[in-house]
Amino acid sequence: MRKQLIQKVNDPMTKTDAFISIRNVNKFFGKFQAINDVSIDIGHGEFFSLLGSSGCGKTTLLRMLAGFENPTSGEIYIDGQPMSGVPPHHRPVNMVFQSYAIFPHLNVRDNIAYGLRKQKLSRSKRNAMVDEMLDLIKLPDYGDRKANQLSGGQRQRIALARSLILRPKVLLLDEPLGALDKQLREQMQLELRALQKTVGITFVFVTHDQEEALTLSDRIAVMSNGRDLQVDTPTRLYESPMDREVASFIGTMNFFDGTVKALTDGGAEIETAGIGDVYTTNIPPSLTPGQSVSVAIRPEKLTLSSDGHGGSNTVKGRLDNAAYLGERSHYYVSVDGVPQPVAVSAQNRQRANGNAESQRPVWLSWDDNAFVVLGNG
Amino acid sequence: MRGQDIPMPNQTALLPNTVRFRTLLQRSETTRGFALLSPTLLIMTVGILIPIGILVAMSFWTQVGFDFDTTLTTKNYQLAMDRPIYGALLRRSLWMSGMATIATVILSYPMAYFVAFHIHRNKMMWIVLITLPFWTSYLLRVFAWKVVLGYQGVINSALMALGLIDAPLEFLLYSQSAVVITLAHAWAAFAILPMYVSLEKIDKSLLEAATDLGDGPVARFLRITLPLSLPGVISACLLIFIPTTGDYITPTLLGGPDGAMIGNLIQKQFGAVNNWPMGATLSIILILSIGAISLSFMAFANFVRKRIS
Ligand SMILES: Nc1ncnc2c1ncn2[C@@H]1O[C@H](COP(=O)(O)OP(=O)(O)O)[C@@H](O)[C@H]1O
Ligand SMILES: [Mg+2]
């Protein structure tokens, strides 16, 4: 089994410039399968996110990279080296724990310098490195504080500095911003991203917050029930999700059932029950005429207007509901032949007067290629 | 929470006295604290302060036949200082119970560590098992050690049967080591429990973080586990040192002439010798010595904790 896997990786076809290579990893806790045949490649210097709802196995996967859990089967390679049998303290990775795990009996300075002990540095060199880190995390005057004198955001930065000072090849972060309030979280997101660009270390970042993942990451693996559903860039995940699960996990999506009517130069004409024919080039590779599929569109790609014109790429409906969110409004429109109300999101360019009267007739319209065709699932 | 307790105006009219009293009681944290403490305070005052008061008073009296001469005098203290036997016994007691404390803590720490980190199910059962020896009387446990350590005891017979020794090892029984061994066993639970509690409290992610930052098991233990469990170790030391110093049962049964402790002497003053004031004086001196040693130990531990952190 093992031998076969190694051969597979050395095979020029499968050998990539992956810095971290997760190969067919399974993890069982007793009878419960927490990770189900996951294979992911992560490039050098990449900001890579594992995104999924709580309990889908993100932490377990991260802990296997760190060496705190061992895969039941499969192999993890970091920088070309197989990691099975390598204990956590010998791996070229460091982890920022969900709880930060700041040592309560040490001050900030000693927390940050904790991992340097092995390097047998002179005192002045070590102090200089710690000072540099304190500057980097913008807490230059906090060196002598104890852990219990720090706020959540400060602890988070110290946990980060404590790992970064060791210049690991990979930094693993387990929902590091989860405990922070919204404002601080957004600020830390920017800082984290900037920091990652500065230090050039590969980040593997775990989050259940899709917005956070989209903002920060070069690439994202969407996970569900221990499986990796899709690994892609934020744009592609949002614009061309592979299936319904990914599409509905990231943002909001309107789904319509349809059948492939015709395939024309790289695109497809799909016949749907409620909204007529739609044309799009966002299609999965193997599509055949007559196949039943789902077509999907994001709420912001629909335009809502009160005066309609017939013709293509437009459909009439009734306004069910409107939610005013300040900068934008969400509208729910029922369309004959479509079971769910269609969600539309529109920016409030004009001052809203707050009397979007219900049940009035409205028209929805869209551009070509605004739809994406999902393999039916 | 507190909002519920604040009475509505009409209720105040209905039940003025009870409600007003309750409001008063709940108004200040301090009053409430004292209210909660009051049973304990009562027992502490009656059960500790009064006997100590009597002891202090008595230590300044003099025994005359079967009566006390209640004129205050420091003669007893003078005597205690002058007669070398008292000082020698006191020093020996402190030394022996110090040894017993160290032995107990060192032997109990792995046990506490094991239950805290390696037992995941049925922890409660393990805790109960640890206290199991305490289900029998202290006297019985001491006698059991007499059986184990005696001339014809378990150890000696076994070693002789194996042909490793020709005659029984005499130092096993009626010696200081016998007392230290027995004390270490008898008080083990008092050491295990506080150390278990402070080990159990250690956040496991701290240990993982230390490993993640490059520490092997030994370095991690010395840099994280041990310092964080120090409060438990300190409690264990005090919990064993304080009561064992004054113990007289174990030294009587197992100590022999070399293993006698100050507790034996105090007991004799209240018994055979019938000099209660002298007994009281020796008790006060013992209390003061234990207090002084415990305080300096705590100061030292605090200093160490500051240094390693
Ligand atoms: N040590 C463990 N023993 C048993 N089950 C576990 C253990 N660790 C995690 N699990 C289970 O594995 C699943 C995935 O957990 P986790 O990786 O922590 O999810 P996430 O981080 O995505 O929220 C959960 O259902 C969890 O209950
Ligand atoms: Mg998690």
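Points to keep in mind about this one:
- Gaussian network model of chain A, Cα within-10 Å springs - most flexible of A:GLN183, A:GLN210, A:GLN33: A:GLN183
- Histogram of C-alpha separations across the protein assembly as shown, 10 Å bin width, %: 3, 10, 14, 15, 14, 14, 11, 7, 5, 4, 2, 0, 0
- Built amide H within the under 5 Å cut-off of A:VAL342, gap 5+: A:VAL333, A:SER334, A:VAL335
- Around A:SER312: net Lys/Arg minus Asp/Glu count, Cβ-Cβ under 12 Å: -4
- Theoretical FRET efficiency, 1/(1+(r/R0)^6), r = Cβ-Cβ of B:PHE303 and A:ASP367, R0 60 Å, to 0.05: 0.20
- Kirkwood-type radius of the range A:2-242, with distances r between different C-alpha atoms, in Å: 18.6 Å
- Residue ranking by accessible heavy-atom surface, 1.4 Å probe, largest first, among B:LEU72, B:LEU139 comes out as B:LEU72, B:LEU139.
- Interface of B with A. Using a 1.4 Å probe and counting protein heavy atoms only, the two chains hide about 1900 Å² of accessible surface, both sides summed.
- Per-residue SASA entry for B:TRP95, accessible area with 1.4 Å probe, Å² rounded to 10: 150 Å²
- Listed pairs A:LYS27/B:LYS201; B:LYS123/B:LYS201; A:LYS120/B:LYS201 exceeding 23 Å between Cα atoms: A:LYS27/B:LYS201; A:LYS120/B:LYS201
- Residues in the range B:277-309 occluded by at least 50 Å² - accessible area, probe radius 1.4 Å, against chain by itself: B:SER309
- In terms of its C-alpha gyration tensor, chain B has an oblate overall shape, because the principal axis ratio a/c (a ≥ b ≥ c, square roots of the eigenvalues) is not below 1.5 and a/b does not outweigh b/c.
- Going from the isolated chain to the complete set of protein chains, the range B:181-219 loses at least 30 Å² of heavy-atom accessible area (1.4 Å probe) at B:SER205, B:LEU206, B:GLU208, B:ALA209, B:THR211, B:ASP212, B:LEU213, B:GLY214.
- Residue (of A:GLN347, A:PHE256, A:VAL373) at the positive-pole extreme of the range A:252-375, dipole from beta-carbon charges: A:GLN347
- Long-range Cα-Cα pairs in the range A:252-375 (distance over 16 Å), rounded percent: 61 percent
- Most fluctuating residue given options B:TYR174, B:TYR196, B:TYR138, as computed from a GNM of chain B linking Cα atoms under 10 Å: B:TYR138
- With Cα atoms as the point set, the radius of gyration and Dmax of the range B:159-253 evaluate to 19.6, 56 Å.
- Here the range B:274-309 and the range B:42-65 have alpha carbon centers that stand 19 Å from each other.
- Fraction of accessible area attributable to carbon and sulfur, the protein assembly as shown (%, probe 1.4 Å): 60 percent
- By the Kirkwood approach, averaging reciprocal distances over each pair of separate Cα atoms, the range B:42-151 gets a hydrodynamic radius of 19.2 Å.
- Only lysines eight or more places from B:LYS146 in sequence, or on another chain, were considered; those with a Cα closer than 25 Å are B:LYS268.
- For the protein assembly as shown, a simple Cβ point-charge model (Lys and Arg +1, Asp and Glu -1, everything else neutral) yields a dipole of about 2240 debye relative to the Cα centre.
- Here A:LYS261 is the anchor, and the lysines within straight C-alpha reach of less than 24 Å, apart from those fewer than 8 places off in the same chain, are A:LYS301, A:LYS316.
- For the range B:78-91, putting each phi into the Karplus relation 6.51 cos²θ - 1.76 cosθ + 1.60 with θ = phi - 60° gives couplings of 3, 4, 4, 6, 6, 7, x, 4, 5, x, 4, 5, 4, 4 Hz, in residue order, rounded to whole numbers and with x for Gly and Pro.
- Highest-MSF residue in chain A out of A:MET242, A:MET129, A:MET83 [GNM, Cα springs under 10 Å]: A:MET129
- Of A:LYS58/A:LYS118; A:LYS118/B:LYS204; A:LYS31/B:LYS204; A:LYS197/B:LYS204, pairs whose Cα-Cα distance is over 27 Å: A:LYS58/A:LYS118; A:LYS197/B:LYS204
- Inter-centroid distance (Cα atoms) of the range A:242-313 relative to the range A:142-198, Å: 42 Å
- Entry comment: accessible area of the range A:245-357 is 55 Å² per residue, from protein heavy atoms only and a probe of 1.4 Å.
- Here the translational diffusion coefficient of the range A:25-122 follows from Stokes-Einstein with Rh set to the Kirkwood radius across Cα pairs; for 37 °C and 0.692 mPa s it amounts to 211 µm²/s.
- Net charge of the neighbourhood of A:VAL335, taken over other residues with C-beta under 11 Å away and scored Lys/Arg +1, Asp/Glu -1, is 0.
- Convex hull volume per residue, computed on the Cα atoms of the range B:173-309, equals 118 Å³.
- Applying a DSSP loop filter and a limit of 12 other Cβ atoms within 10 Å to the trypsin sites (Lys or Arg not before Pro) in the range B:129-203 leaves B:LYS201.
- Rel. contact order, % - alpha carbon contacts under 8 angstrom, at least six apart, chain B: 23 percent
- Once you reduce the range A:38-107 and the range B:168-199 to the center of their Cα atoms, the two points are 45 Å from each other.
- Options A:VAL231, A:ALA213, A:LEU192, ranked by Cα towards positive dipole end of the range A:153-235, top entry (Cβ charges): A:LEU192
- Accessible surface, the range B:92-308, averaged per residue in Å² (probe 1.4 Å): 48 Å²
- Normalised by 2.2 N^0.38 Å, where N is the number of residues, the alpha-carbon radius of gyration of the range A:299-363 equals 1.07.
- Dmax and Rg, reported as Rg then Dmax, of the range B:91-158 (C-alpha, Å): 15.7, 45
- Other residues within the sphere of radius under 12 Å centred on the Cβ of A:SER151, judged by their own Cβ, net out at +2 (K and R +1, D and E -1).
- FRET efficiency for A:ARG328 and A:ASP141, using Cβ-Cβ distance with R0 set to 41 Å, rounded to 0.05: 0.50
- In the range A:252-375, Cα pairs under 8 Å separated by at least six residues give a relative contact order of 32 percent.
- Relative contact order computed over chain A (Cα-Cα under 8 Å; 6+ residues apart), in percent: 15 percent
- Binning all Cα-Cα separations of the range A:117-263 at 5 Å, short to long from zero, yields these whole-percent fractions: 2, 7, 16, 17, 16, 13, 9, 7, 6, 4, 2, 1, 1, 1, 0.
- Given +1 at the Cβ of Lys and Arg, -1 at the Cβ of Asp and Glu and no other charges, the dipole of the range A:2-242 around its Cα centre is 1020 debye to the nearest 20.
- Buried on assembly, the range A:114-152 (at least 50 Å² less accessible surface than by itself, 1.4 Å probe): A:TYR114, A:ARG117
- Tensor-based shape of the range B:238-291 (alpha-carbon gyration tensor, a/c under 1.5 rounded, otherwise prolate or oblate): oblate
The values are calculated or read from the model by the stated rules, or taken from the named source; none is laboratory data. Keep in mind that this is a model prediction, so the values were computed, not measured. All Cβ positions, even for glycine, are placed from backbone atoms using ideal geometry, and neighbour counts span all protein chains on display. What goes into the accessible areas is simple: the full protein's heavy atoms, side chains included, and nothing from ligands, DNA or RNA. Shrake-Rupley method; radii C 1.70, N 1.55, O 1.52, S 1.80 Å.
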